[in-house]
Amino acid sequence: MYKLFTSESVTEGHPDKICDQISDAVLDAHLRHAPNSRVACETYATTGLVVVGGEVTTTEEARAKIDVAEIARSVIKDIGYNDIRYKFDAESCGVINVMHSQSADISRGVETGGAGDQGMMFGYACDQTKEYMPLPIALAHKLTQRLAEVRRMENTPMKYLRPDGKSQVTVAYHEDGRITVDTVVVSTQHDPEPKGVSEKSWQDQIAEDVKKHVIGKVIPEKFLTKDTRYYINPTGRFEIGGPHGDTGLTGRKIIVDTYGGYAPHGGGAFSGKDPSKVDRSAAYASRYLAKNIIAAGLAKECMIQLAYAIGVAEPVSVLVDTRGTSRGISDSKLSEIVRRSMDLTPSGITKHLNLRRPIFKKTAAYGHFGRNDADFTWEKLDLVKTLQAEVH
């Protein structure tokens, strides 16, 4: 007997992820020129058009230096949309900037150190992988990252790849403790079939290449069985993609951004938001705390919820739930320890994790958690000894 769980990921060329990256690149530009800027930026993309909107409070000097259209085009080009055949490319697409100043009613609460909005944020960690992430989302991200890696290779064996793509991994959790991969789905945008090649044989070639150069390089053989199922471009064709194939919008991939549905989500997106927005900073803090609890050996699995009221600095609630896996310590005791171990006000989180830096564009594809990057301070394990000392 076993239970199945599925998570998905998307490439940096997915229309929603294009928008997330533009929004975070705009945020980074403001933080680079004026670290105390407050930004809430959202982006919309469709065939030949990008619209950037939201609210920003910054210095006049920073405002004068930031060219939103140039930022958007740079992101689009870096992703790989540099060919007019895609019906969406960095040179020809229009960019409209409709950003405005932050509401005075919101600003008055934030300026006193309070949270920028009400809401609840979740963080999660477990011991399934070395990244302290659930296996389904960890594998799904690695598949989409590999698709992009192969596409960018100088001598790529898959010259026909285009930027848009998705993955999905279903993992079987067996009663005897074994973990296997039940199903792998990969959909990748591609060039039309060459002249003289049938659509069927073209899709067969793509499927063979994806299995060899993508799946075979990512998923360890120990997880694969003779019964593992593979679905590669299951519709039979994926030529039309990116914002020409589907509109994109900031904040529509919040489950991809976090834990692949394995843990709850408070509903607030991350991209385009500065650290005064607890949607982002408190979600990072709760992941940081949950990961350190697991690394400290205090539990095998940990979910943390933080909740805030607009204009109020301290969280209105802190919950630790180890789902019955804690080792000799109650969840209520862990909640008390968490409160003592870190200043959970927006300013306290921002200072502890050093968040007022232009580091956010690279968070906007392949997940905000479980990645080995020195700038991702919420992934550090520097609280382990503090937590262990609190327990003992």
Problem set entry | From phi via Karplus (6.51, -1.76, 1.60), per-residue ³J(HN,Hα) for the range 122-129 in Hz, x at Gly/Pro | 10, x, 8, 7, 8, 9, 5, 9
For this session: Go ahead and estimate [θ] at 222 nm for the chain from helices alone: -39,500 (n - 2.57) per DSSP H run with n ≥ 4, summed, over the residue count, rounded to 500.
Result: -9500 deg cm²/dmol
Exercise. Going toward the positive end of the dipole of the chain, with +1 on Lys and Arg Cβ and -1 on Asp and Glu Cβ, which of H244, T156, V95 do you reach last?
Worked result: T156
Problem set entry | Size of charge dipole - the range 19-82 - debye, nearest 20, with Cβ of Lys, Arg +1 and Asp, Glu -1, no other charges | 100
Exercise. When all protein chains stay in place, what accessible area (Å², nearest 10, 1.4 Å probe) is found for Y160?
Worked result: 20
Exercise. So for T156, T59, what's the accessible-area order with a 1.4 Å probe, most first?
Worked result: T59, T156
Exercise. Sequence-distant or interchain residues sharing an amide H contact under 5 Å with A115, placed H: which?
Worked result: G311, V312, A313
Problem set entry | Positive-end residue of A172, F223, Q203, charge dipole of the range 131-231 with Cβ unit charges | Q203
Seminar exercise, completed: Under the Karplus relation with 6.51, -1.76 and 1.60 and θ = phi - 60°, whole-Hz ³J(HN,Hα) for the range 306-315, x at Gly and Pro, equal 10, 9, 9, 10, 4, x, 10, 6, 6, x
Exercise. Excluding ligands and nucleic acids, what accessible area in Å² is computed for S101 using a 1.4 Å probe, to the nearest 10?
Worked result: 80
For this session: Treating cross-link reach as a plain straight distance, find the aspartates and glutamates whose alpha-carbon is under 15 Å from the alpha-carbon of K200, omitting any fewer than eight places away in the same chain.
Result: D191, E208, D209, E239
For this session: Taking the Cα centre of the range 276-335 as origin, sum charge times position over the Cβ atoms of Lys and Arg (+1) and Asp and Glu (-1), and report the length of that vector in debye to the nearest 20.
Result: 200
For this session: Answer with one residue from I310, L353, V338: the one whose Cα lies farthest towards the positive end of the charge dipole of the range 266-392, charges on Cβ with Lys, Arg +1 and Asp, Glu -1.
Result: L353
Exercise. For K300 and Q388 in one chain, what is 0.36 nm times their gap in residues minus the Cα-Cα distance, to one decimal in nm?
Worked result: 30.2 nm
For this session: Please work out how much accessible surface V256 shows to a 1.4 Å probe, ignoring ligands, DNA and RNA, in Å² rounded to 10.
Result: 10
For this session: Arrange the residues D274, D227 by how much accessible surface each exposes, largest first, with a 1.4 angstrom probe.
Result: D227, D274
For this session: Be a star and scan the range 14-39 for residues whose amide nitrogen sits under 20 Å from the point 7 Å along the Cα-to-Cβ vector of S74.
Result: 17-39
For this session: Mind checking the full-extension length gain between D373 and I255? Use 0.36 nm per residue of separation minus the Cα-Cα distance, one decimal, nm.
Result: 40.4 nm
Problem set entry | Carbon and sulfur %, accessible surface of the range 91-234 computed with the full protein complex present, 1.4 Å | 48
Problem set entry | Two-site FRET efficiency, A309 against S101, from Cβ-Cβ distance with R₀ of 22 Å, rounded to 0.05 | 0.40
Problem set entry | Accessible surface, the range 126-176, averaged per residue in Å² (probe 1.4 Å) | 41
Exercise. How far apart, in nm, are two points set 7 Å out from the Cα along the Cα-to-Cβ line at T228 and at V197?
Worked result: 2.5
Exercise. In whole Hz, what ³J(HN,Hα) sequence does the range 91-96 give by Karplus (6.51, -1.76, 1.60; θ = phi - 60°), x for Gly and Pro?
Worked result: 7, 9, 6, x, 10, 10
Exercise. Sorted by accessible area (1.4 Å probe), largest first, how do M153, M99, M121 line up?
Worked result: M153, M99, M121
For this session: For K159, list the lysines whose Cα falls under 16 Å from its own Cα; do not include residues on the same chain fewer than 8 positions away.
Result: K195, K211, K212
For this session: Please list the non-local residues whose amide H lies under 5 Å from the amide H of T183, H modeled 1.01 Å from N, same-chain partners needing a gap of 5 or more.
Result: T170, R229
Exercise. For G297, what charge total do you get from the other residues with a beta carbon under 10 Å from its beta carbon, if Lys and Arg give +1 and Asp and Glu give -1?
Worked result: +1
Exercise. Among the lysines, which have Cα under 28 Å from the Cα of K385 when same-chain residues fewer than 8 positions away are ignored?
Worked result: K130, K291, K300, K333, K351
Problem set entry | Accessible surface of the range 241-392 [probe 1.4 Å, protein heavy atoms]: carbon and sulfur percent | 50
Problem set entry | Dipole magnitude of the chain about its Cα centre (Cβ charges: Lys, Arg +1; Asp, Glu -1), debye to nearest 20 | 680
Exercise. Quick one: Cα centre-to-centre distance for the range 2-24 and the range 317-392, in angstrom?
Worked result: 23
For this session: Quick one: compute the contact order of the chain, relative version, from alpha carbon pairs under 8 angstrom and 6+ residues apart, as a percent.
Result: 26
For this session: Amide H neighbours of T322 under 5 Å, at least 5 residues apart or on other chains, H built in the peptide plane: list them.
Result: M303
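The values are calculated or read from the model by the stated rules, or taken from the named source; none is laboratory data. Note that this is a predicted model, so its numbers are computed, not measured. Ideal geometry is used to build each Cβ from the backbone, glycine not excepted, and the neighbour counts take in all protein chains shown. Please note that ligands, DNA and RNA were not included when accessible areas were found on the heavy atoms of the full protein model with its side chains. Shrake-Rupley method; radii C 1.70, N 1.55, O 1.52, S 1.80 Å.
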